[in-house]
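Beneath this line is the structure, given in structure tokens, with notes to follow.
The values are calculated or read from the model by the stated rules, or taken from the named source; none is laboratory data. From a predicted model like this one, the values you see are computed outputs, not experimental measurements. All Cβ positions, glycine included, derive from the backbone under ideal geometry; neighbour counts span all protein chains shown. SASA here: full protein model, heavy atoms, side chains in, ligands and nucleic acids out. Shrake-Rupley method; radii C 1.70, N 1.55, O 1.52, S 1.80 Å.
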Amino acid sequence: MKASPKGRTLVAPQAHAEVAALLGERARRRDLLIEHLHLIQDRYHGLSVQHLVALAAELKLAPAEVFEVASFYHHFDIVREGESPPPALTVRVCTSLSCAMAGARELQAALAGMAGVRIASAPCVGRCHGAPVAVVGRNAIEHADAAGVAAAVARGEVEAQLPACIDLAAYRAAGGYATLAACAGGLLAAESLLQAMEHAGLRGLGGAGFPAGRKWRIVRAEPAPRLMAVNIDEGEPGTFKDRWWLERDPHRCLEGMLIAAQVVGVEKIYVYLRDEYAACRALLARELAALAADPPCALPEIELRRGAGAYICGEESAMIESIEGRRGMPRLRPPYVAQAGLFGRPTLEHNLETLVWVRDIVERGPDWFAGHGRRGRKGLRSFSVSGRVARPGVYIAPAGISARELIAEYCGGMLPGHELYAYLPGGASGGILPAALADQALDFDTLAEHGCFIGSAAIIVLSQHDRARDAAQSMMEFFADESCGQCTPCRVGTAKAAALLREPKWNQPLLEDLAQAMADASICGLGQAAPNPVRSVMRFFAREIG
């Protein structure tokens, strides 16, 4: 006789009691599955099979549904029968391009063998200006070296350090939330705000560039109830602007979010924050609680949701799947998120930086925002700049500025001994351009003729000491690791391309065929854009690949 029903695992009483105690009074809803998995992971440093089965019982889900979600995300460690859980402390060394150029692999090798600690490589952790970066538990160490990491481990410095920011009291003292109160009180008409956003020319600054005012109008026209999702899952290598804004002026972001929700008529807001930003999560939780305790007007319900390490969740529909407690797999469209997004309801989805500019546009007027720009472009952008520059960081600069101007005017020029050789204008997926094209306008739609795009404005600068082919290989390895696996062109294409790029001489005809298939047939932007760096190298740096 079988000890349990066919195909099922019995719930162990002790595991069930432990999971029930962790959940406490929290709701047992499917959409909270990932939040509950985090509770178990944080407490036990892994997800045992017994705990997963117990959680399935608590949520009234099949164990397979819980397993498939837990196994999808990088930050969950499933501990199978007979296995030991990982050490209580994990040190993650970022090995994405900017950190790799700064010696991340050497750092990881130097840390190998540290007693009682798991050393793991990590994709971009959003601190490229401080490369190389190691994350000790939740404590991010910039410009890390082996001695500094070892000292942090020895001292038990494993929690995120909250940055100083403009808190609620300081923000309101400077006039913050007056514009939101005016909107809620009817002093500013919704139609006038829609027109202001449209006239300003603000576009979505997460990468897609869809006009913000038009998006508001589309969602507003859909039947209620309407929802909103704020996407702060900036996992694109080289991108750290959203974290920069959150750590400095969180309420400017929140007021823009709430103004958008007021205009569109949103009932509830979900803020989706990448798990790597532990300090931002603690800061946001604190400031949202303060705002709820002393609101300037009636506020919609706001839920802060925690990602779990999946680059694909930066794609809007994959993020929505994750908020609903599922694997972060992009949806086929139509229907579009504006029509059927979260829980099947019309959803206004925005990147955080887009919302940063809302208050200024309303208060200063759309002409103020549109009046910035170079080479006929309009507006301001937050550029994340890393690599071989003297002063990497986030810089607020006019749309249409060139890479050469950005480096010279904002970044203090190149590092001593380095000359501009190439640059990535849009992070991992935006392609690679040579120094000869460093005078091109950096904005939406300006780089298409060169097979590139600006995306999230993550500028990674290479010098004569680097090779573009190495950058392309690094990016493809990243995409192969981060593909959600849903569609064959991306799942197989990224893995095959990564293998081809390891060869001393590239098979260019085969790579181009592969790139075309991925671009034409992948479901979402990950697979469609993954070939861009490879195509750039074949077009502009052919001498490097034989």
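Which is touching a residue at least 60 places away in the same chain (Cβ under 8 Å) and open to solvent by less than 40 Å² (accessible area, probe 1.4 Å), of C124, C99? Outline the logic, then answer.
Values: C99 fails: touching a residue at least 60 places away in the same chain (Cβ under 8 Å).
Answer to the selection: C124.
Please find, among E83, E35, E65, the residue that is acidic (D, E) and more than 25 Å from Y311 (Cβ to Cβ).
Of the residues listed, the single one that is acidic (D, E) and more than 25 Å from Y311 (Cβ to Cβ) is E83.
Among E303, E267, which is under 19 Å from the mean Cα position of the chain (by Cα), modelled with pLDDT of 95 or more and within 21 Å of A184 (Cα to Cα)? Can you show your working first?
Working: E267 fails: under 19 Å from the mean Cα position of the chain (by Cα).
After applying the criteria, what remains is E303.
Which residue, of V394, V385, is open to solvent by 10 Å² or more (accessible area, probe 1.4 Å), closer than 19 Å to F240 by Cα and either in contact (Cβ under 8 Å) with a residue 24 or more places away in the chain or assigned to a loop (DSSP other than H, G, I, E, B) (or both)?
Answer to the selection: V394.
So which residues in segment 184-199 are farther than 15 Å from R220 by Cα, of a type in the set (A, V, I, L, M) and surrounded by 12 or more Cβ atoms within 10 Å (Cβ to Cβ)?
A184, L188, A196
Residues that are more than 21 Å from I312 (Cβ to Cβ) and buried (at least 21 other Cβ atoms within 10 Å of the Cβ): does segment 477-488 have at least one?
Within segment 477-488, none of the residues are more than 21 Å from I312 (Cβ to Cβ) and buried (at least 21 other Cβ atoms within 10 Å of the Cβ).
Take the residues of segment 324-336 that are over 16 Å from the mean Cα position of the chain (by Cα) and of a type outside the set (D, E, K, R): which is least open to solvent (accessible area, probe 1.4 Å)?
G325
Could you list, in sequence order, the residues of segment 136-183 that are more than 30 Å from W357 (Cβ to Cβ), in contact with a strand residue (DSSP E or B) (Cβ under 7 Å, 6 or more places away or on another chain) and buried (at least 17 other Cβ atoms within 10 Å of the Cβ)?
The answer is V136, G137, I141, A144, V149, A152, V153.
When segment 77-105 is examined, which residues are found to be at pLDDT 95 or above and charged (D, E, K, R)?
D77, R92, R105
Applying the selection to segment 397-416, what residues are in a loop (DSSP other than H, G, I, E, B) and of a type in the set (G, A, S)? Write out each step before concluding.
First pass over segment 397-416, keeping only residues in a loop (DSSP other than H, G, I, E, B): 399-401, 410-413, 415-416.
If the condition is that a residue be in a loop (DSSP other than H, G, I, E, B) and of a type in the set (G, A, S), then A399, G400, G412, G413 are the ones that fit.
Can you tell me which residue within segment 132-180, out of those that are part of a helix (DSSP H, G or I) and among the basic types (K, R), is farthest from A292 (Cα to Cα)?
Once the filter is applied, the top-ranked residue is R155.
W506 versus (1) buried (at least 20 other Cβ atoms within 10 Å of the Cβ); (2) touching a residue at least 60 places away in the same chain (Cβ under 8 Å); (3) not in a helix (DSSP H, G or I): which is the lone unmet condition?
(2)
If you check H36, H45, H51, which single one turns out to be under 28 Å from P132 (Cα atoms), of a type outside the set (G, A, S) and either surrounded by 15 or more Cβ atoms within 10 Å (Cβ to Cβ) or modelled with pLDDT under 95 (or both)?
Exactly one residue qualifies, and that residue is H45.
Give, as residue ranges, the strands (runs of 3 or more DSSP E) completely inside segment 212-323 that count at least 1 residues that are without any contact (Cβ under 8 Å) to a residue 60 or more places away in the chain and open to solvent by 10 Å² or more (accessible area, probe 1.4 Å).
266-273, 301-306
Of everything in segment 511-541 that's free of Cβ contacts under 8 Å to residues at least 24 places away in the same chain and open to solvent by less than 70 Å² (accessible area, probe 1.4 Å), which residue is nearest to the chain's Cα centre (by Cα)?
In this case the residue turns out to be A519.
If a residue has to be over 16 Å from E276 (Cβ atoms), open to solvent by 30 Å² or more (accessible area, probe 1.4 Å) and in a strand (DSSP E or B) to count, how many in segment 102-121 make the cut?
Summing the residues that are over 16 Å from E276 (Cβ atoms), open to solvent by 30 Å² or more (accessible area, probe 1.4 Å) and in a strand (DSSP E or B) in segment 102-121 gives 2.
So that you can scan it fast, the table gives a plain yes or no per residue for (1) small (G, A, S); (2) more than 20 Å from the chain's Cα centre (by Cα); (3) within 24 Å of I34 (Cβ to Cβ); (4) modelled with pLDDT under 95:
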{"site": "E68", "(1), (2), (3), (4)": "no, yes, yes, no"}
{"site": "H75", "(1), (2), (3), (4)": "no, no, yes, no"}
{"site": "L107", "(1), (2), (3), (4)": "no, yes, no, no"}
{"site": "A131", "(1), (2), (3), (4)": "yes, no, no, no"}
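Name every residue in segment 367-379 that is open to solvent by less than 60 Å² (accessible area, probe 1.4 Å) and touching a helix residue (DSSP H, G or I) at 6+ places or on another chain (Cβ under 7 Å), in order of residue number.
Residues satisfying the conditions are F369, A370, G379.
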